[in-house]
Amino acid sequence: MAFLDYEVLRLIWWVLLGVLLIGFAITDGFDLGVAALLPFVARDDVERRLAINAVAPTWEGNQVWFILGGGAIFAAWPLVYAISFSGFYLAMFLVLSALILRPVAFKYRSKSEDPAWRARWDWALFVSGLVPALVFGVAVGNVLQGAPFKIDDDLRATYVGGLLGLFTPFTLVCGLLSVAMLVLHGSAWLAVKIEHGAVHYRARAIGAGAAVLSIVLFAIGWGFVATGTGYAIAGVADPLGPSNPTRMTTVVQAGAWLANYGRHPWMVIAPALGFGGTALALAGILLRREAAALVGSTLAATGIIATVGVSMFPYILPSSIDPHSSLTVWNASSSASTLALMLGVTGVLLPIVLIYTAWAYRVMFGRVTTAQVVANIDLY
């Protein structure tokens with residue numbers, strides 16, 4: 001790929017990372033949302049099985065996007081991977097524990113007909129949906145406000161934060177927004193995927209509340225970003241420069257995360273999608289247009305995640321205690337040969353993932369009914 005210079009390769013991988021994160025939020029996001037909804041939309045065992053089997057055929061395949069996202073960070077920005085996964089270790093441990101709990105709960109729930117047994121695993125599914133949704137949002141909030149790390153002249157990173165330090169008013173707003181966004185997505189999925197009945201109507205009611213809450217929290221988060229701390233490159237960035245954070249100077253400025261919208265007005269599409277998609281989802285729920293609600297929740301997740309990316313560009317992980325150690329698309333990437341090689345691999349494998357995912361959803365298309373759940377003992 002000699003025709004792609006270093007700057008273009010870095011930009012392509014930045015876009016690819018956003019695509020993978022959005023893909024994870026859109027696919028596995030409704031799995032997390034349905035799990036978090038389970039105690040509230042389903043009142044008895046049959047209703048819970050109805051909700052669970054709305055995601056049962058696809059939840060395992062959806063996790064591939066999470067793996068691809070982590071792999072993309074490791075391959076394209078090893079410094080970001082090293083600092084974020086070590087610094088946010090306990091938070092990531094909570095997420096992985098919850099994600100490990102989910103398949104166990106799916107598999108073991110139906111091994112016994114004892115109501116107490118199934119109730120315990122149902123609550124495990126709830127935890128496996130709520131905890132990742134919350135922690136992912138809190139992590140994004142910490143990325144926006146900066147993580148407490150520094151890099152010395154030998155490129156050795158030191159992280160000085162702790163688990164409790166991750167939770168601030170702003171990051172909690174981000175965490176709650178993530179939960180509301182995914183609960184909305186899960187509600188929209190249930191409305192499309194299951195028969196009309198008690199679970200369907202409860203999902204729609206909760207989804208309407210989650211949509212309103214998402215709009216409010218997104219607006220509050222926007223206010224935090226507009227008035228809070230942001231980061232900016234002092235001078236002119238070198239998109240072709242070496243991957244060495246110590247060679248770049250960063251300044252801390254209030255509202256700096258909004259500067260990109262002045263330089264590139266087209267970027268306003270991202271927050272517009274966040275607000276507009278959520279509004280479309282709410283309208284779809286209220287007007288009983290299930291497909292429109294799911295399209296809206298999908299656009300909302302896309303817009304909210306894209307807003308973070310375009311607001312921060314070219315930053316990926318700023319430092320709150322030593323701004324000059326901040327990591328950007330330009331100063332923390334792998335070598336040009338690595339990016340080019342991995343792009344070739346991705347160009348082959350990503351279309352396969354997309355084709356397989358589309359095929360799987362096509363095969364599994366259709367509503368889950370109470371009659372199917374009751375008659376088929378092989379279902380969860």
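Note on Lys150: accessible area approximately 100 square angstrom, rounded to 10, probe 1.4 Å, nucleic acids and ligands left out.
Hey, how many Å between the Cα centroid of the range 95-118 and the Cα centroid of the range 2-39? Their Cα centres are 27 Å away from one another.
Here's the list of aspartates and glutamates a cross-link from Lys150 could span, going by alpha-carbon distance under 15 Å and ignoring same-chain residues fewer than 8 apart: Asp322.
3J(HN,Hα) along the range 241-247: x, x, 7, 8, x, 6, 8 Hz, from the Karplus curve 6.51 cos²θ - 1.76 cosθ + 1.60 with θ = phi - 60°, whole Hz, x for Gly and Pro. Projecting the Cα positions of Thr302, Thr229, Val212 onto the charge dipole of the chain (unit charges on Cβ atoms of Lys, Arg, Asp and Glu, taken about the Cα centre) puts Val212 furthest along the positive direction.
Choose one answer from Gly296, Gly23, Gly228: the residue with the largest mean-square fluctuation in a GNM of the chain with alpha-carbon springs under 10 Å. For the chain, modelled as a Gaussian network with Cα springs under 10 Å, the answer is Gly228. For the chain, carbon and sulfur atoms together expose 71% of the accessible surface, with a 1.4 angstrom probe and every protein chain in place. Taking amide H as placed 1.01 Å from N in the peptide plane, Ile316 has its amide H under 5 Å from the amide H of Leu327, Thr328, Val329, each at least 5 places away in sequence or on another chain. Build a GNM of the chain with springs between Cα atoms under 10 Å apart, and of Leu99, Leu90, Leu299 the one that fluctuates most is Leu90. Calculated mean residue ellipticity, 222 nm, the chain: -23500 deg cm²/dmol, from DSSP H runs (n ≥ 4) at -39500 (n - 2.57) each, averaged per residue and rounded to 500. For the chain, the membrane-span-like helices by this rule, meaning whole DSSP H stretches whose C-alpha atoms cover at least 20 Å of axis and whose Kyte-Doolittle mean is 0.5 or above, are 6-41, 89-109, 115-145, 169-193, 198-227, 269-286, 290-312, 336-363; this says nothing about an actual membrane. Extension gain, Ala272 to Ala119: 0.36 nm times the residue separation minus the Cα-Cα distance gives 51.0 nm.
Solvent exposure of the range 6-375 amounts to 43 Å² per residue of accessible area, where only protein heavy atoms count and the probe is 1.4 Å.
Within the range 44-127, the GluC sites (Glu not before Pro) that combine a DSSP coil assignment with at most 10 other C-beta atoms in a 10 angstrom radius are Glu113.
The values are calculated or read from the model by the stated rules, or taken from the named source; none is laboratory data. Being a predicted model, the structure only gives us computed values, none of them experimental. Note: ideal-geometry Cβ built from the backbone for every residue, glycine included; neighbour counts use all protein chains shown. Calculation scope for accessible area: heavy atoms of the full protein, side chains included, ligands and nucleic acids excluded. Shrake-Rupley method; radii C 1.70, N 1.55, O 1.52, S 1.80 Å.
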